[in-house]
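The values are calculated or read from the model by the stated rules, or taken from the named source; none is laboratory data. Please read these numbers as outputs of a predicted model, since none were measured by experiment. Cβ placement follows ideal geometry from the backbone for every residue including glycine, while neighbour counts extend to all protein chains displayed. Side chains included, ligands, DNA and RNA excluded: accessible areas come from the protein's heavy atoms. Shrake-Rupley method; radii C 1.70, N 1.55, O 1.52, S 1.80 Å.
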Amino acid sequence: MAAAAWPELEAAARERRRELALPGPAVAERVAAGGGRLPAALLALPLLQSLELSGCPALRELGPGLAAALPALHTLVLSRNALGPAGLAAGLGGRLPALRILDLSGNGLEALPAALGGAEEPAPAAAPAAFPQLRSLNLSGNRLRQLGPGLAGAAPQLQALLLNGNRLRALPGGLLPPAAAGPFPLLSRLEAADNEVQELGADIAALPALKSLDVANNQLQELPAALADCPRLKEANFRGNQLRDKRLEKMVNGCQTKAILEYLRAGGRGKGKGDSSREEARKKKREKQQKKDGGDGEQDEVEEASKLLVKVLHVSENPAPLVVTASPAVRDVRAFIVCCVLRGVSLRPGNALRRFLSLQTKLHEDICEKRTAATIATHDLQLVKAPLTYDVQPPDQLKITPLGRKEVKAKDLLRQLQLEAEEQRKQRKRQNVSGLHRYLQLLDGKDNYPCLLDAEGAVISFPPITNSEKTKIRKETRDLFLEVTSDTSLQICKDVMDLLILKIAELNRSTLESKEDSGSEDDSEALQGPGSLGSQAESLPLVVEQVRVVDRDGNLKVLYPSKSDLASAPSLLTVLR
């Protein structure tokens, strides 16, 4: 009876699928009939690499043996269910050696399962890590009051830890084992907004890779001077806390991370004049870390000259900066978006446009993980009618004119693409689903779909599916509006955008150099444009204009590029800020 009741699992087993998404509302009755746990037939899919079952309040248990039965899992999304520590214990009570993304958000967890260090006593140091490859852990929207020190041993390679919307009162709190050497050496993103945090401990400086910290809307009254000891901290959000130091609060409300750190480094509120020795020690520590990160700073002149040039135009310098307003509804659908404007590209000579489209395809395959981690959309800026709104619409109301197609409703477009993908799979005699299938499944069970709307209300982007014919890139395009979205993390959006700009800069240089070598005059206007110097265009930098994403009240959500962005490839890129 159970096997007959789960045709999705039968199909997955028959076709040897690597990915499976079970929309919560569609399977809720079957889950409830099975005692609130996942069906046993799921354990017969050892090739499964990605599993998602979200939005199913009937799901209370994973059932025993999931970790042992699915050793190839690299993505496990179990958000917005009713899983508790006991319900997770049996399924996660083993090692998942390949798991990279684990999403347990919105389950009402009051404590972590033992596999994630929720036990009273951490696992012995010699015990193998339960999640040795885990990079992203989302625990947002639960009821956690504290985190056990065992998490550091369970997930030693963790890079992003999301704890928004819990009941934590101290940070890092019990997260850091008292005797561990260098816990979480790769943790670069820590989010704990909308908690009850009253104390931000000085041991926050024990996270050597921390780049982004969000503790907005908590109960902090002071910020520790130790924040200035975080060698890589670039972005910090402390808004919504009642800080005693009003000067510091003003910096916080202005999102002035650099000024905040400098203020704390200089002593800040309540510091005496006897801290010069400590400040000197901090300075030496920072210099040592910077030297370790960047070498001795000496570079050969030829190497320096060969770098690609990109100039950042700040919002304050831009008379008409582009702004994207994000609706609160996107949080439950596809929460993260990063945008910017890129001016000065050359797509007319030769096959430059085709190469430009090919590089997007390659990025979608690689860093975007076949669009499942993030999705890129590129637009001709001259065809974009600002201001823009990032919002959601029901599948039967969202209309778009996809690239190369006529206007269609989103639900009908997905149906067409699913049929095309299935036909393609059969023709190629593939056993597992295609990359197209994978990102189509990201919208399964969604009541609303994400979209980017222009000032006329037209949908110019429908992530992760397609963007619009209305803003299609052409050979004549000189200025681009770039957009990256994700339902995984803000950092992956930024990483993808960094790489996209680098690849476009490389393509631009190659195109211009080839044009110069060919001596052709047919495409001479490709080197002309606003601010162009004709034959000297190859030495001019591309211009990246900052774009702000704000909420409906105008509060800043993300600014790209910030000072910490476009810094991942210093050996290839020179950024003029």
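Going by amide H atoms built from the backbone, whose H comes under 5 Å of the H on Ile473, apart from near neighbours?
Asp380
Wrap a convex hull around the Cα atoms of the range 338-418, take a quarter of its surface area, and give that in square nanometres.
Values: hull surface 28.5 nm².
Quarter of the Cα hull surface area: 7.1 nm².
On full extension of the chain, what length is gained from Glu422 through Arg577, given 0.36 nm per residue of separation minus the C-alpha to C-alpha distance? Each step should come with its number before you reach the end.
Numbers: separation 155, 0.36 × 155 = 55.80 nm, distance 4.78 nm.
Length difference between fully extended and current span is 51.0 nm.
Among residues other than Ile367 whose Cβ falls under 12 Å from its Cβ, what is the net charge (Lys/Arg +1, Asp/Glu -1)?
Value of the local net charge: 0.
For Asp396 and Asp553, compute 0.36 nm times the residue count separating them, minus their Cα-Cα distance, and round to one decimal in nm.
On the way: separation 157, 0.36 × 157 = 56.52 nm, distance 2.85 nm.
Residue separation times 0.36 nm, minus the Cα-Cα distance, leaves 53.7 nm.
Report P(r) for the range 182-275: all Cα-Cα distances, bin width 5 Å, range 0 to the bin holding the largest distance, values in whole percent.
Final binned percentages: 3, 14, 25, 28, 19, 8, 3, 0.
Set Lys and Arg Cβ to +1 and Asp and Glu Cβ to -1, take the dipole of the range 1-78 about its Cα centre, and tell me which of Pro25, Gly35, Gly65 lies farthest positive.
The listed residue farthest towards the positive side: Gly65.
Once the Cβ-Cβ distance between Lys362 and Arg244 is put in as r, and R0 is 56 Å, what FRET efficiency do you end up with, to the nearest 0.05?
With a Förster radius of 56 Å, E is 0.65.
On the accessible surface of the range 11-67, probed at 1.4 Å, how many percent belong to carbon and sulfur atoms?
54
Which of Ser346, Leu414, Ile367 sits closest to the plus end of the dipole of the range 342-429, meaning its Cα is farthest towards the positive end, when Lys and Arg get +1 and Asp and Glu get -1 on the C-beta?
Final value for the positive-end residue is Ser346.
For the range 20-66 and the range 210-251, what is the separation of their Cα centres, given in Å?
Each part's Cα centre sits 40 Å from the other's.
State, to one decimal in nm, how far the label point of Arg143 lies from the label point of Ala26, with both points 7 Å from Cα in the Cβ direction.
Label-label distance for Arg143 and Ala26, simple model: 3.1 nm.
With θ taken as phi - 60° and the coefficients 6.51, -1.76 and 1.60, list the Karplus ³J(HN,Hα) couplings across the range 151-161 in order, rounded to whole Hz; mark glycine and proline as x.
Listing the rounded values in order: 4, 4, x, 6, 9, x, 9, 4, 10, 9, 10 Hz.
Leaving out ligands, DNA and RNA, and with a 1.4 Å probe, what % of the accessible surface on the range 135-228 is carbon or sulfur? Show your work: numbers first, answer last.
On the way: 1450 of 3240 Å².
Whole-percent figure for carbon plus sulfur exposure: 45.
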